[in-house]
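Following: one structure in structure tokens, then a few remarks.
The values are calculated or read from the model by the stated rules, or taken from the named source; none is laboratory data. All values derive from a computational prediction rather than experimental measurement. All Cβ positions, glycine included, derive from the backbone under ideal geometry; neighbour counts span all protein chains shown. We work out accessible area using only protein heavy atoms, side chains counted, and drop any ligands, DNA or RNA first. Shrake-Rupley method; radii C 1.70, N 1.55, O 1.52, S 1.80 Å.
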Amino acid sequence: MTTQASVLANLAEVRAMIRKHKRNDFIFSIIGLLALMLGLLTLFTLFIDLVATGYPRFSLDFLTNYPSRKAAHAGLLSAWVGSLLVMLVTFISAVPMGVAAGVYLEEYAPKNWFSDLIEINVTNLAGVPSIVYGLLALGLFVYGLGFGESILTAGLTLGLLILPIVIVNTRESIRGIPIAIREAAYAVGATKWQVVFHHVLHYASGGILTGVIIGMARAIGETAPIITIGALTFIAFLPPSPVSDVAPFINVEWLSSGFTVLPIQMFNWLSRPDHAFHINAAATGALIIVVTLLMNATAIWLRYRIRKNIKW
Amino acid sequence: MATITSPVKAESRDLNFYYSSGHKALKGISMALYEKRITALIGPSGCGKSTFLRCFNRMHDLYPGNKYDGQIVMHPDNTNILDSGVDPIEVRMRISMVFQKPNPFPKSIYENVAYGLRVRGERNKRVVDDKVEEALKGAALWDEVKNRLHDLAFNLSGGQQQRLCIARALATDPEIMLFDEPTSALDPIATASIEELMSELRNKLTILVVTHNMQQAARVSDYTAYMYLGELIEYDDTDKIFTNPGRKETEDYITGKFG
Amino acid sequence: MASQVLQKPAEPTISARLAKNVRRHVLERVIEFILMLAALSAVATTISIVVILLYESFTFFEHVSLWDFLTDTQWTPLFENAHYGILPLVSGTLTTSAIALAVAIPLGTIGAIYLSEFASHRTREIVKPILELLIGVPTVVFGYFALLFVTPLLQRIFPELPGFNMLGPGIVMGIMIIPYISSMAEDAMRSVPMSMREGSYAMGATRFQTAIRVVAPAAISGIIAAYILGISRAVGETMVVALAAGQQPNLTFNPMESAATITAYIVQVAMGDLPHGSVGYQSIFAAGLVLMLMTLTFNIIGHITRKKFRETY
């Protein structure tokens, strides 16, 4: 029979050991948090550095000037207009296609080798380095289809690049919709497409939007594939306007125009030896970070809200 | 309770328990566990018997927001193991547990049994070897696994896995062992072997077992407690509970009129 | 009124409905077909990538023997006496990736263990979105950081470090990959069933012991999958190395030297004015093919490991 004394002696030993183990727990949790925060710290340092360096260029002129040989007069006008137009093409090409593909895979595709094949492709495409998309575009769009080094080429390239993101997000948000909702719609005589269009897509729209924003944020910062298609980096003109004042008011000439985009402009300034251009690069970097962080933050907030509000 | 001859090993005193949802799962439970005896907890599902069992090794501490109110006092040292000053790890080193579903670790048979010793920092291979063998023998598993101690534990059958988990819990010489419906995931033959094992363990330590199976409680336990809706309805000798219950509710449950 | 309704001839209504049904049916099939085409775009993209890379590389290998490509230790396509040995580019790629992984694997794993086993629900809710934000930062700005911040900082410690080197971009790439590895490894550890953790805690284990001795081993294949997918990212990363590691192919594994990676070489050629159809132009496709094969291998192994892991739990 265990005596009180022996139990207590044993307990004292156990307590000392637990204290030691708990110290390990504490030390580890500090290290763990630091490891995770290293990225945040880096981003913070980077952003401060960009702002501190690029500060002299923060003015409206920087946004309304064309690039120039003189760093102090150079601006981002052609770059941000180019980015906007490229994004427009990317949006138009990737979103309908990606959503349609996601809908097909979730709602229509029979579960067989065929859907497996598509699924494997989507997963693999998400892991293909972005520069390989650049090579694809160089061979296919620039020379194969003769689109040249144009806004159309760049937009389509980035469209392909973010297609897996849109598809995966579409599928995930559709998957969250309970089968009962579909059954309810079928029960009142809706066809499959009506069920999908009126109900599934409607309820999944928030999640799809999240994916679209994340994809667009990715596209806006992508540099490597755009360089690879041979985008010019010194563009001192704007593409023709997409809208004209004579009928039919829509102009497609801009699609075949040469262009530059924000990250390319930054890369270009950054690869010059003259430090004055590094200041321009820093200011551009700060702008790119703000834009992408805002877009991603919106997406994350949106997803959080959807998760919170919708309880099936 | 006339036949009680054994000293009290642990007792709960007016124990209330609240889940983080606010649900009050235990309502003023006071009962004693007797040394080297088997106490069974029975009652319909949701009655709080598992919740009560899991208070004994502070398992509820793993999930934020759960709250104990009351005491569980261990003897002979009179420690209130629910006291916020008492580390749950200390409690778990004294009171081990066997779960509803066998949950071996993704390690070898040997390392599964040695786990508790490793956690306590035991490095001496001889000591570990001896303890592992002793625990496996105690769990009636030694003969079946002695030639493949370094095989993955997942390769064992369900009943063997559960006996392995018992060996794991035995290896550290606990004062009390908790069994949370230990046979509900097993076939009848494996169940019989676990029950036999529990009866043998009675000579070594104090056991608290939750079971949904009344015959099991009747077969293995010395004392039985009937719980309903978070309350302890009746606690007495197993024979008495099953032959001549003092409360109408207990009788209804035992005879299958309810539950 | 009721009798009037009954007297209405029923037949035309039914056939009209039927006709509409047929139209409906056809429309449904057309829609399904269009959606299927959209889904096939993923397959088409993969095929296009493979075809383009193979086609251009094929012409490249008409000029350069495969043997020279794989064994020549120089890569000088822009010189008079051009050499096309992929090894210097591969060494640059592997060295920068190795540095990145030396940073990202330990820190990413520690971070994942912290998130999965130590962090409170609240901390996790705050940290995870931050990780997602970090994953979204464009790599060109990290290139700036490597070139103009980290390298000067490193030069204070190693005064002989050249302005272009593999160490700085390697470290920055590593920091970029930490969130990626930790969030995937965390997913793997979180899917380890709670019953296994309870088993460990019930034995009196601490969080650290439970995490290291039970949860991490149980999730090991998922964690390794995270590493492998991290490697694939490091290998394919372009802007950081193109900006900060230099663009001179250099057969070296010394992180203190400058060297070009496969990706940096592609960028360099693309920025130049090599004529379409020249061997130099085709060489970037051959380089791209090697890159694609490397990342594809890692991706496939990574996904198989992950799938196997998911089947376990």
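Compute the relative contact order of the range A:105-187 as a whole-number percentage, counting only Cα pairs closer than 8 Å that sit 6 or more residues apart in sequence.
Numbers: 29 pairs, mean separation 30.0, N = 83.
Normalised by residue count, the contact order of the range A:105-187 is 36 percent.
Ballpark to the nearest 100 Å², how much total accessible area do A and B bury together, probe 1.4 Å?
Values: alone 18140 and 11800 Å², together 28860 Å².
For A against B, buried area totals roughly 1100 Å².
Where Rh is the Kirkwood radius over the Cα pairs of the protein assembly as shown, the temperature 25 °C and the viscosity 0.890 mPa s, what D in µm²/s does Stokes-Einstein return?
Numbers: Rh = 31.7 Å.
So the translational diffusion coefficient is about 77 µm²/s.
Quick check on the range C:135-248: what are the equivalent-ellipsoid semi-axes from the Cα gyration tensor, as sqrt(5λ), descending, whole Å?
Working: eigenvalues 289, 47, 21 Å².
Listed largest to smallest, the semi-axes of the range C:135-248 are 38, 15, 10 Å.
Please report how far the C-alpha centroid of the range B:160-208 lies from that of the range B:57-136, rounded to the nearest whole angstrom.
15
Given the whole protein assembly as supplied and a 1.4 Å probe, what does the accessible area of B:Glu90 come to in Å², nearest 10?
Accessible surface of B:Glu90 is approximately 10 Å².
If I ignore ligands, DNA and RNA and count only protein heavy atoms, how much of A:Ile92 is accessible to a 1.4 Å probe, in Å² to the nearest 10?
For A:Ile92, solvent-accessible area is about 110 Å².
May I ask you to list the residues of the range C:180-223 whose amide nitrogen lies under 12 Å from a point 7 Å from Cα along the Cα→beta-carbon direction of C:Thr297?
Counting backbone N atoms under 12 Å from the label point, the list is empty.
How much accessible area is lost when chains B and C come together, counting both sides, with a 1.4 Å probe, in Å² rounded to the nearest 100?
About 1800 Å² of accessible surface is lost on pairing.
For B:Glu181, what is the net charge nearby, where nearby means another residue's Cβ is under 15 Å from its Cβ and Lys, Arg count +1, Asp, Glu -1? Write down the numbers at each step before the final one.
Details: positive: B:Lys49, B:Arg54, B:Lys101, B:Arg219; negative: B:Asp180, B:Asp187, B:Glu195, C:Glu198.
Charge balance near B:Glu181 sits at 0.
List the pairs from A:Lys192/B:Lys101; C:Lys128/C:Lys307; B:Lys137/B:Lys257; B:Lys101/B:Lys137 whose alpha-carbon separation is above 32 Å, in the order I gave them. Walk me through the numbers on the way to the answer.
Values: A:Lys192/B:Lys101 43 Å; C:Lys128/C:Lys307 23 Å; B:Lys137/B:Lys257 42 Å; B:Lys101/B:Lys137 21 Å.
Flagged as over cut-off: A:Lys192/B:Lys101; B:Lys137/B:Lys257.
Considering only DSSP beta bridges whose two residues both sit in the protein assembly as shown, what percent are antiparallel, to the nearest 5?
Numbers: 25 of 42 bridges.
If I count the DSSP bridges inside the protein assembly as shown, around 60 percent turn out antiparallel.
From largest to smallest, what semi-axes in whole angstrom does the range B:1-103 give when each is the square root of 5 times an eigenvalue of its alpha carbon gyration tensor?
Numbers: eigenvalues 89, 56, 43 Å².
Equivalent ellipsoid of the range B:1-103: 21, 17, 15 Å, largest first.
Can you compute the charge dipole magnitude of chain C about its Cα centre, using +1 on each Lys and Arg Cβ and -1 on each Asp and Glu Cβ, nothing else charged? Give it in debye, rounded to the nearest 20. If you can, show how the numbers build up before the last one.
Values: 19 positive and 19 negative charges, 355 e Å.
Rounded to the nearest 20 debye, it is 1700 debye.
Using modelled amide H (1.01 Å from N, peptide plane; none on Pro or chain starts), what sits under 5 Å from the amide H of B:Ser30, excluding residues fewer than 5 places away?
Those lying under 5 Å, H to H, from B:Ser30 are B:Asp14, B:Leu15.
What is the percent carbon and sulfur in the accessible area of chain B, measuring with a 1.4 Å probe over the protein chains and ignoring ligands?
47
Students often forget the sequence filter, so: which aspartates and glutamates lie under 19 Å Cα-Cα from C:Lys308 once same-chain residues fewer than 8 apart are removed?
Within the straight-line cut-off, C:Lys308 pairs with A:Asp116, A:Glu119, C:Glu186, C:Asp187.
Order B:Leu136, A:Leu41, C:Leu296 by their accessible area, 1.4 angstrom probe, all chains in place, largest first.
Details: B:Leu136 0, A:Leu41 105, C:Leu296 55 Å².
Accessible-area ranking of B:Leu136, A:Leu41, C:Leu296, largest first: A:Leu41, C:Leu296, B:Leu136.
Rounded to whole Å, give me the distance from the Cα center of the range C:263-298 to that of the range B:223-250.
80
Can you tell me which of A:Ile227, A:Ile151, A:Ile118 moves the most in a GNM of chain A? Springs connect C-alpha atoms under 10 Å apart.
Answer for the Gaussian network model of chain A: A:Ile118.
Quantify, in whole percent, the carbon and sulfur part of the accessible surface of the range C:71-312 (1.4 Å probe; protein heavy atoms only). Present the calculation step by step, with values, prior to reporting the outcome.
On the way: 5340 of 8460 Å².
Carbon and sulfur together cover 63 percent of it.
Compute, for the range C:206-313, the length of the dipole vector about the Cα centre, with Cβ point charges of +1 (Lys, Arg) and -1 (Asp, Glu) only. Units Debye, rounded to 20. Kindly include the intermediate steps, with their values, before the conclusion.
On the way: 7 positive and 4 negative charges, 153 e Å.
Dipole of the range C:206-313, to the nearest 20 debye: 740 debye.
Can you name the helices of chain A, as whole DSSP H runs, whose Cα span along the helix axis is 20 Å or more and whose Kyte-Doolittle mean is not below -1.0? Each step should come with its number before you reach the end.
Working: long enough: A:4-54 (72 Å, 1.03); A:77-103 (38 Å, 1.92); A:113-127 (21 Å, 0.57); A:151-175 (35 Å, 1.37); A:201-221 (30 Å, 1.17); A:275-309 (50 Å, 0.70).
Flagged H segments are A:4-54, A:77-103, A:113-127, A:151-175, A:201-221, A:275-309.
Which one of B:Gln162, B:Gly256, B:Ser193 has its Cα pushed farthest toward the positive end of the charge dipole of chain B, where Lys and Arg give +1 and Asp and Glu give -1 at the Cβ?
B:Gln162
Along the range B:21-34, what does the Karplus equation 6.51 cos²θ - 1.76 cosθ + 1.60 (θ = phi - 60°) give for ³J(HN,Hα), rounded to whole Hz, x for Gly and Pro?
Taking θ as phi minus 60°, the curve returns 5, x, 5, 8, 8, 10, 10, x, 7, 10, 7, 10, 9, 9 Hz for the range B:21-34.
Semi-axes, largest first, in whole Å: what does sqrt of 5 times each Cα gyration tensor eigenvalue give for chain A? Show your work: numbers first, answer last.
Working: eigenvalues 400, 239, 62 Å².
So the equivalent ellipsoid measures 45, 35, 18 Å along its semi-axes.
Using the Kyte-Doolittle scale, find the helices of chain C whose mean hydropathy is at least -1.0 and whose Cα atoms extend 30 Å or more along the helix's long axis, counting only whole DSSP H runs.
Details: long enough: C:11-63 (76 Å, 0.84); C:87-113 (37 Å, 1.69); C:167-190 (33 Å, 0.95); C:279-312 (49 Å, 0.61).
Long hydrophobic helices here: C:11-63, C:87-113, C:167-190, C:279-312.
For chain C, what does the relative contact order come out to in percent, with C-alpha contacts under 8 Å and a separation of six or more?
Working: 420 pairs, mean separation 76.0, N = 313.
Worked out over chain C, it gives 24 percent.
Give the aspartates and glutamates whose C-alpha is closer than 12 Å to that of B:Lys27, dropping any in the same chain fewer than 8 places away, or say none.
Here the aspartates and glutamates satisfying the reach criterion relative to B:Lys27 are B:Asp14, B:Asp69, B:Glu231.
Top to bottom by accessible area (1.4 Å), largest first, where do C:Arg197, C:Arg306 land? Before the final figure, lay out each step's value.
Details: C:Arg197 20, C:Arg306 55 Å².
Putting C:Arg197, C:Arg306 in descending order of accessible area: C:Arg306, C:Arg197.
Can you list the lysines whose alpha carbon sits under 29 Å from that of A:Lys70, skipping same-chain ones fewer than 8 residues off?
Partners found: none.
Using only alpha-carbon positions, what ratio does the radius of gyration of the range C:71-312 give when scaled by 2.2 N^0.38 Å? Write out the running numbers ahead of the final one.
Values: Rg = 20.5 Å, N = 242, 2.2 N^0.38 = 17.7 Å.
Expressed relative to 2.2 N^0.38 Å, the Cα Rg reads 1.16.
Compute the separation of the alpha-carbon centres of the range A:92-169 and the range C:26-64 and state it in Å as a whole number.
If we compute the Cα centre of each part, the gap is 9 Å.
In degrees from 0 to 90, rounded to the nearest 10, what is the angle of the helix B:188-201 Cα long axis to the longest principal axis of chain B?
90
Would you check the accessible area of C:Phe142, probe 1.4 Å, heavy atoms only, in square angstrom rounded to 10?
So the heavy atoms of C:Phe142 present about 10 Å² to solvent.
Averaging the inverse of every distinct alpha carbon separation and then flipping it gives the Kirkwood radius. What is it for the range B:69-158, in angstrom units?
Roughly 15.2 Å, rounded to one decimal.
At a 1.4 Å probe radius, which order do A:Glu172, B:Glu111 fall into by accessible area, largest first? Write down the numbers at each step before the final one.
Values: A:Glu172 110, B:Glu111 55 Å².
Order by accessible area, largest first: A:Glu172, B:Glu111.
To the nearest 20 Debye, how big is the dipole of chain A about its Cα centre, given +1 on the beta carbon of each Lys and Arg and -1 on that of each Asp and Glu? Before the final figure, lay out each step's value.
Details: 20 positive and 15 negative charges, 246 e Å.
It comes to approximately 1180 debye.
List the chymotrypsin sites (Phe, Trp or Tyr not before Pro) within the range C:66-127 that DSSP assigns to loop and that have no more than 10 neighbouring Cβ atoms inside 10 Å. Kindly include the intermediate steps, with their values, before the conclusion.
Numbers: sites: C:Trp67, C:Phe69, C:Trp75, C:Phe79, C:Tyr84, C:Tyr114, C:Phe118; in loops: C:Phe79.
For chymotrypsin sites (Phe, Trp or Tyr not before Pro) across the range C:66-127 that sit outside H, G, I, E and B with at most 10 neighbouring Cβ atoms in 10 Å, the list reads C:Phe79.
Please check: in the Gaussian network model of chain C (C-alpha springs, under 10 Å), which one of C:Met173, C:Met194, C:Met203 has the largest mean-square fluctuation.
Residue with maximal mean-square fluctuation among C:Met173, C:Met194, C:Met203: C:Met203.
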